[in-house]
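Engineer: Here's a structure for you.
The values are calculated or read from the model by the stated rules, or taken from the named source; none is laboratory data. This is a predicted model, so every value here is computed, not measured. Cβ sites come from the backbone with ideal geometry, for glycine too, and all protein chains shown count toward neighbours. Accessible surface is based on the protein model in full, side chains and every heavy atom, while ligands, DNA and RNA are left aside. Shrake-Rupley method; radii C 1.70, N 1.55, O 1.52, S 1.80 Å.
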Amino acid sequence: MALTATSKEMAEILGVTLGRISQMRKDGLLHAEGHPLKFDIAENVQAYVAHMVDDARGKAPTDKDAEARKLKADADYKAARARQEELKLAELEGRMHSAEDVEAATTELVYAVRSAVLALPGRVAVDAEMKPAAEVADVVRRECAAALEGLAAYEYDPKVYADMVRDRRGWQVDADDGEE
């Protein structure tokens with residue numbers, strides 16, 4: 001029959017607090033069964049001694065290791081948050097655009113080109129009026145050139161994207177100084 005001890009007795013045997021006994025049990029270092037908890041003294045003292053030997057040799061995870069992991073996790077989290085804020089700032093400054101804003105601006109441009117191309121037949125028909133093919137071709141060429149010039153005149157305007165960001169985020173611009 002194995003000798004057993006309560007949590008309080010185990011704490012006295014190992015020279016630690018009840019809270020430390022509970023923590024070592026949660027960590028899987030100590031093992032207890034039943035209600036109230038009963039610790040096999042021999043098994044748990046051996047496990048505790050082995051843990052202390054490993055700790056002394058630097059093999060067991062220490063509070064320093066846990067602290068280092070926590071510091072790294074905190075640093076990683078802060079770096080991710082900083083990157084997120086950098087991306088927001090880049091968007092606000094117009095150095096980066098969201099895919100949805102680019103898609104909206106491109107769609108607007110495509111519809112403008114589509115309208116210009118669809119208007120060609122009507123404009124050519126007015127100018128052609130039963131003229132010879134060479135003259136009609138000339139009219140079509142002129143109208144195509146006009147539509148393409150309109151397209152070539154398109155210029156990237158960062159203000160358009162800034163307005164899209166403000167609209168999407170629901171921000172208002174102060175009319176006095178142009179800031180939010």
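Engineer: Out of curiosity, is residue 76 within 21 Å of the chain's Cα centre (by Cα), of a type in the set (Asp, Glu) and more than 30 Å from residue 167 (Cα to Cα)? Walk me through how you get there before you give the answer.
Structural biologist: Numbers: within 21 Å of the chain's Cα centre (by Cα): yes; of a type in the set (Asp, Glu): yes; more than 30 Å from residue 167 (Cα to Cα): yes.
So residue 76 passes the test.
Engineer: Among residues belonging to the range 138-173 that are in a loop (DSSP other than H, G, I, E, B) and free of Cβ contacts under 8 Å to residues at least 40 places away in the same chain, point out the one that is nearest to residue 117 (Cα to Cα).
Structural biologist: Just the residues of the range 138-173 that are in a loop (DSSP other than H, G, I, E, B), to begin with: 153-157, 170-173.
Keeping just the survivors that are free of Cβ contacts under 8 Å to residues at least 40 places away in the same chain gives 153, 155-157, 170-173.
Numbers: 153: 16, 155: 19, 156: 21, 157: 23, 170: 35, 171: 36, 172: 37, 173: 36 Å.
The selected residue is 153.
Engineer: Since residue 113 meets every condition but one in (1) closer than 30 Å to residue 143 by Cβ; (2) modelled with pLDDT under 80; (3) surrounded by 11 or more Cβ atoms within 10 Å (Cβ to Cβ), which condition does it not meet?
Structural biologist: It fails just one condition, (2).
Engineer: In the range 43-68, which residue that is within 16 Å of residue 11 (Cα to Cα) and open to solvent by 60 Å² or more (accessible area, probe 1.4 Å) is modelled with the lowest pLDDT?
Structural biologist: 52
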